[in-house]
1. What are the pairs, 6+ residues apart or on separate chains, where a residue within the stretch 72-92 that is in contact (Cβ under 8 Å) with a residue 40 or more places away in the chain and more than 19 Å from Leu44 (Cβ to Cβ) has its Cβ under 8 Å from a residue that is among the acidic types (Asp, Glu) and open to solvent by 30 Å² or more (accessible area, probe 1.4 Å)?
2. Sort out which residues of the stretch 161-178 are within 21 Å of Leu151 (Cβ to Cβ), open to solvent by 70 Å² or more (accessible area, probe 1.4 Å) and among the charged types (D, E, K, R), and write them in order of number.
3. Determine the pairs where a residue that is within 27 Å of Pro112 (Cα to Cα) and in contact (Cβ under 8 Å) with a residue 60 or more places away in the chain, located within the stretch 157-184, has a partner that is outside any helix (DSSP H, G or I) and among the basic types (Lys, Arg) with Cβ atoms under 7 Å apart, the partner being 6 or more residues away or on another chain.
4. Restricting to the stretch 99-122, give me the number of residues that are free of Cβ contacts under 8 Å to residues at least 40 places away in the same chain and open to solvent by 80 Å² or more (accessible area, probe 1.4 Å).
5. Residues that are among the hydrophobic types (A, V, I, L, M, F, W, C) and within 17 Å of the chain's Cα centre (by Cα): find the helices (runs of 4 or more DSSP H) completely inside the stretch 81-198 holding 2 or more of those.
6. So, in the stretch 38-51, exactly how many residues are within 21 Å of the chain's Cα centre (by Cα), of a type outside the set (Val, Ile, Thr) and either open to solvent by less than 20 Å² (accessible area, probe 1.4 Å) or farther than 19 Å from Ala126 by Cα (or both)?
7. Can you tell me which residues in the stretch 52-69 are in contact with a strand residue (DSSP E or B) (Cβ under 7 Å, 6 or more places away or on another chain), open to solvent by 30 Å² or more (accessible area, probe 1.4 Å) and in a helix (DSSP H, G or I)?
8. May I ask you to say which residue of Leu181, Leu151, Leu197 is farther than 29 Å from Leu62 by Cα, surrounded by fewer than 17 Cβ atoms within 10 Å (Cβ to Cβ) and of a type in the set (A, V, I, L, M)?
Amino acid sequence: MELIDVKLRTSMKLYAASDLHIDFSANRELVGQVGNHPEDWLVLAGDISHKVPDMIWAMEHLVSRFKGVSWAPGNHDLWTANHDGREYRGVEKYELLVELCRERGVHTPEDPYPTLSLGGKDHLLAPLLTLYDYSYRPDEIPEEMALFWALENNVMSTDEYYLHPQPYKSRAAWCAERCALTEERLAAAPPETPMILA
């Protein structure tokens, strides 16, 4: 695992890591070797694991190593999973992860943005969940045909099977809602305070 060190002329450092995928034992071992950073913050930018016990382990371990941890979910984090005898899908899975993060002191996209003093100036750290739609495609392919176009080229995202949008009718609808909510929250932030978007 490589931590990206974002130094902003301060004794405090802001680290960022993504795609830990600790359901793979070699990745989990690397995360277990992360040293102590008692003055520093860590941004977890998604794809820790689709398994809830792995997420809990990562959060507890990393919170014990950093002054603060902020989590922005990736698509794998939101994959359907069983936990405590129930299946969690879509928004329900996301809400479960938010609750588990909060219980461990991890900041989520649903929490007030923490203020970090970097380079002698306050910055807001904003973890985001905006998801994705199918607008990123060749111009000649209509959005409603994007999946069929991909299938014709023997491409199918695993998200189509495991990232369920309930209660929304589609991932694109969930994405639109998240983008609108995020835009509103970002617009309400103090304009004079720089923001770090994750």
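The values are calculated or read from the model by the stated rules, or taken from the named source; none is laboratory data. None of the values given here were measured: they were computed from a predicted structure. Backbone-built Cβ (ideal geometry, glycine too); neighbour counts: all protein chains shown. Ligands, DNA and RNA are stripped out before the accessible areas are found, and what is left, the full protein with its side chains, is counted by its heavy atoms. Shrake-Rupley method; radii C 1.70, N 1.55, O 1.52, S 1.80 Å.
1. Close Cβ pairs (under 8 Å, with a partner that is among the acidic types (Asp, Glu) and open to solvent by 30 Å² or more (accessible area, probe 1.4 Å)) amount to Thr80/Glu87.
2. Lys169
3. His164/Arg89; Gln166/Arg89
4. Step one: list which residues in the stretch 99-122 are free of Cβ contacts under 8 Å to residues at least 40 places away in the same chain, which gives 99, 102-103, 107-108, 110-112.
Okay, now just the ones that are also open to solvent by 80 Å² or more (accessible area, probe 1.4 Å), so 99, 102-103, 112.
Of the residues in that region, 4 qualify.
5. Details: elements: 90-103, 146-152, 159-162, 171-188.
So the answer is 90-103, 171-188.
6. Just the residues of the stretch 38-51 that are within 21 Å of the chain's Cα centre (by Cα), to begin with: 40-51.
From what's left, of a type outside the set (Val, Ile, Thr): 40-42, 44-47, 49-51.
Then keep just the ones that are either open to solvent by less than 20 Å² (accessible area, probe 1.4 Å) or farther than 19 Å from Ala126 by Cα (or both); that gives 40, 42, 44, 46-47, 49-51.
Qualifying residue count, the stretch 38-51: 8.
7. Within the stretch 52-69, just Val63 meets the criteria.
8. Values: Leu181 fails: farther than 29 Å from Leu62 by Cα; Leu197 fails: farther than 29 Å from Leu62 by Cα.
Selected residue: Leu151, the only one of Leu181, Leu151, Leu197 that is farther than 29 Å from Leu62 by Cα, surrounded by fewer than 17 Cβ atoms within 10 Å (Cβ to Cβ) and of a type in the set (A, V, I, L, M).
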